[in-house]
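Have a look at the structure below, then the notes.
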């Protein structure tokens, strides 16, 4: 299915050293994965080498960079890592075909581990200075390995939904190692601080260094703006009390 649903045009074949990794950054809660991979592309010495196309699953959007229109779903690489980064949101219907494409592509290049990055929305995110990170693994062996790293907490019981769930399923089915870095985040507000937490973990796991101070500065600015808005909202709330309850019902 994926061979018909998605196709890739590569300008060259990347040569990767071992162990090799594939990092996935797709827009979802808090844009945690998307912000992280965009930052890594910009600051981590990654080079663009391919565009992914799909008439069925990629919306009619082109990402324009330096005056050139390109697919919003592209691949980048450095010494031992490939990044698949989406510059626009993808429809829910693309989740399973894209997961199949990702895992098949990882197998094609002999990727040792696929790393996904996502956020888990929490109601008190504004009050948390440093969000907590968890991991979810596609197999027992990888689960045991991650437990020994002490980089994150285990996501014990619950559910994962969205674009990263089918990747876990497909990776497990095809015996490809995949784990998801799940960081506490806002739901519908960009959360660069959560992205910085994810990048710090991934850099230690893979073994590279990256300065996330600019991401943390941006997070402070966003937090200040949100707090200001919250204070304004709290002041306005009493004036609505005599009108009608504020709910979606």
**Q.** Candidate set: region 42-72, residues that are surrounded by 20 or more Cβ atoms within 10 Å (Cβ to Cβ) and not in a loop (DSSP other than H, G, I, E, B); chosen: the one farthest from the chain's Cα centre (by Cα)
**A.** 50
Q | Criterion (touching a residue at least 24 places away in the same chain (Cβ under 8 Å), surrounded by 14 or more Cβ atoms within 10 Å (Cβ to Cβ) and more than 22 Å from residue 168 (Cα to Cα)) met by exactly one of 122, 111 | A | 122
Q.
Condition first: out of contact with any helix residue (DSSP H, G or I) (no Cβ under 6 Å at 6 or more places or on another chain), within 19 Å of residue 92 (Cβ to Cβ) and at pLDDT 95 or above. Now tell me which residues in region 158-181 satisfy that.
A. 168, 169
Q | Search result, residues across region 131-152 that are within 12 Å of residue 184 (Cα to Cα) and out of contact with any helix residue (DSSP H, G or I) (no Cβ under 7 Å at 6 or more places or on another chain) | A | 132, 134
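Would you check which residues across region 110-125 are within 21 Å of residue 40 (Cα to Cα) and either at pLDDT below 95 or touching a helix residue (DSSP H, G or I) at 6+ places or on another chain (Cβ under 7 Å) (or both) and list them?
Initial filter on region 110-125 (within 21 Å of residue 40 (Cα to Cα)): 111-120.
Residues satisfying the conditions are 114, 115, 116, 117, 118, 119, 120.
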(Q) Please go through region 131-145 and give me each residue that is surrounded by 16 or more Cβ atoms within 10 Å (Cβ to Cβ) and closer than 30 Å to residue 220 by Cβ, ordered by number. (A) 131, 133, 134, 135, 136
Q: Could you please find all residues in region 73-98 being part of a helix (DSSP H, G or I) and surrounded by fewer than 24 Cβ atoms within 10 Å (Cβ to Cβ)?
A: 92, 93, 94, 95, 96, 97
Q. What number of residues within region 12-34 are surrounded by 23 or more Cβ atoms within 10 Å (Cβ to Cβ), touching a helix residue (DSSP H, G or I) at 6+ places or on another chain (Cβ under 7 Å) and outside any loop (DSSP other than H, G, I, E, B)?
A. 6
Q: Report yes if some residue within region 189-207 is touching a helix residue (DSSP H, G or I) at 6+ places or on another chain (Cβ under 7 Å), over 27 Å from residue 78 (Cα atoms) and crowded, with 16+ Cβ neighbours inside 10 Å; otherwise report no.
A: yes
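Anything in region 169-183 that is crowded, with 21+ Cβ neighbours inside 10 Å and closer than 13 Å to residue 135 by Cβ? List them, or say none. Before you say what the answer is, go through the steps one by one.
Of the residues in region 169-183, the ones crowded, with 21+ Cβ neighbours inside 10 Å are 170-171, 176, 178-183.
If the condition is that a residue be crowded, with 21+ Cβ neighbours inside 10 Å and closer than 13 Å to residue 135 by Cβ, then 178, 179, 180, 181, 182, 183 are the ones that fit.
The values are calculated or read from the model by the stated rules, or taken from the named source; none is laboratory data. Computed from a prediction, not measured in an experiment: that's the story for all the values here. All Cβ positions, glycine included, derive from the backbone under ideal geometry; neighbour counts span all protein chains shown.
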